[in-house]
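A short write-up of the structure that comes next.
The values are calculated or read from the model by the stated rules, or taken from the named source; none is laboratory data. None of these values were measured; they are calculated from a predicted model. Cβ atoms come from the backbone with ideal geometry, glycine included; neighbour counts cover every protein chain shown.
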Amino acid sequence: MHLFPPASCPRLVVKIGSALLVDPEGAIRRGWLEGIAADIAARVAAGQQVAVVSSGAIALGARRLKLVKGGRASLEDAQAAAATGQIALSQVWAEVLAANGLTAAQMLVTLDDLEDRRRYLNAAATLGRLLSLNVVPIINENDSVATAEIRFGDNDRLAARVAQAADAHGVVLLSDIDGLYDRNPALPGAEHIATVERIDRRIENMADRGSASGMGSGGMVSKIEAARIAASAGVSLAIANGRIDRPLSADARHTVFLPEKRTRARKAWLAGRLTAKGSITVDEGAAKALAEGRSLLAIGATSIRGMFFRGDLVTIEGPNGPIARGLAEYDAADAQAILGIRSEDQADRLGYAPRSALVHRNHMALL
């Protein structure tokens, strides 16, 4: 148990990619899955609570429905394949876990379920109760109702958000690669990165786009985005090779992304949200003030993008990229009207008494 052992990680989320669960012909790799179930059972017996984010429904459904391009030729095909394949996927998970004395539960979520605060708290409560009962939740995006515009798009980011909702301590992304390399691992001289302390532009540039198997929707870019979400919630994340037997107990090479300091739950939720309605660009002085824990004032803002309303999530962009996310105190039109204006002059522009900030520090999370 070399990846996040139970003693140091009481609660773990394991994400399994389509290429590991399903062979190129669209059949479940049952022998490999039985090994994973045995690994999970060993961890549960040692006191660890485990949740699984499982891909594979679309690939399984596409085979049963004989759909071209693995069921991804159109949104309608993907939804039909997901609806059909999810039954097979949940059934096989229930069987392999039951063989190890464990009970499985199915949770299908949409992006909105984890972006809306009330629904997020409901999902978190369900996960917490299942895990406390030593049930193994099998979680997947509800692809049968998700649209192209409103979805996670990959289970890497979903796993990071689930870890946040479950108050987990670690995430393992099992994939067809054993971690992050400084360039495409197929290129000569590519070097494996064992530990990432901070995700910066240099780390982002190492990401190789695309899914090697052609079945999944993720790639190294999505895994780094997942690591960023996890880190902001104080959760460690590992990318590990799943193309070996019993990968959760094997002493194999992997990459670990270290977490930041665990933050208050609401701020971690804000930082991990994916559907910002717009953005506010700020100058260097405002960026420095935000880093010191201050609110965003209109005088430090330079431009507005997007159509958002008071209470919507917005990204705050500094001179070198995104620096924070928070809830807007103004509609976009009113925020545009007071850009760069001192607080004492804003009432004349707006026709009403201004609020103290464009984004208040209590409703903001630094990235």
Of residues in the stretch 43-55 being part of a helix (DSSP H, G or I) and touching a residue at least 60 places away in the same chain (Cβ under 8 Å), the one nearest to residue 127 (Cα to Cα)
44
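Residue by residue, here is whether (1) among the hydrophobic types (A, V, I, L, M, F, W, C); (2) at negative phi; (3) at pLDDT 90 or above; (4) assigned by TED's automatic domain parsing to the domain that holds residue 158 holds:
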{"position": "213", "(1), (2), (3), (4)": "no, yes, no, yes"}
{"position": "223", "(1), (2), (3), (4)": "no, yes, yes, yes"}
{"position": "249", "(1), (2), (3), (4)": "no, yes, yes, yes"}
{"position": "257", "(1), (2), (3), (4)": "yes, yes, yes, yes"}
{"position": "311", "(1), (2), (3), (4)": "no, no, no, no"}
Scan 166, 98 and give me the residue that is of a type outside the set (D, E, K, R) and modelled with pLDDT of 95 or more.
98
Looking at 275, 281, which is the one that is within 28 Å of the chain's Cα centre (by Cα), modelled with pLDDT under 90 and of a type in the set (S, T, N, Q)?
275
Among the numbered conditions (1) farther than 18 Å from residue 172 by Cα; (2) touching a residue at least 60 places away in the same chain (Cβ under 8 Å); (3) crowded, with 19+ Cβ neighbours inside 10 Å; (4) not basic (Lys, Arg), tell me where residue 75 comes up short.
(3)
For the stretch 133-151, state whether one or more residues are in a helix (DSSP H, G or I) and either under 30 Å from residue 87 (Cα atoms) or at pLDDT 90 or above (or both).
no
If you check residue 229 against the conditions, is it under 30 Å from residue 8 (Cα atoms), at pLDDT below 90 and β-branched (Val, Ile, Thr)?
yes
Can you tell me which residues in the stretch 81-106 are touching a Gly at 6+ places or on another chain (Cβ under 8 Å) and over 21 Å from residue 23 (Cβ atoms)?
83
Failed item, numbered, when residue 19 is tested on (1) touching a helix residue (DSSP H, G or I) at 6+ places or on another chain (Cβ under 8 Å); (2) under 20 Å from residue 88 (Cβ atoms); (3) among the hydrophobic types (A, V, I, L, M, F, W, C):
(1)
Identity of the residue in the stretch 4-17, surrounded by 24 or more Cβ atoms within 10 Å (Cβ to Cβ) and assigned to a loop (DSSP other than H, G, I, E, B), that ends up modelled with the highest pLDDT:
4
In this structure, is residue 182 assigned by TED's automatic domain parsing to the domain that holds residue 207 and in contact with a strand residue (DSSP E or B) (Cβ under 9 Å, 6 or more places away or on another chain)?
yes
One residue from 28, 58, 40 being in contact with a Lys or Arg (Cβ under 8 Å, 6 or more places away or on another chain) and touching a residue at least 60 places away in the same chain (Cβ under 8 Å):
58
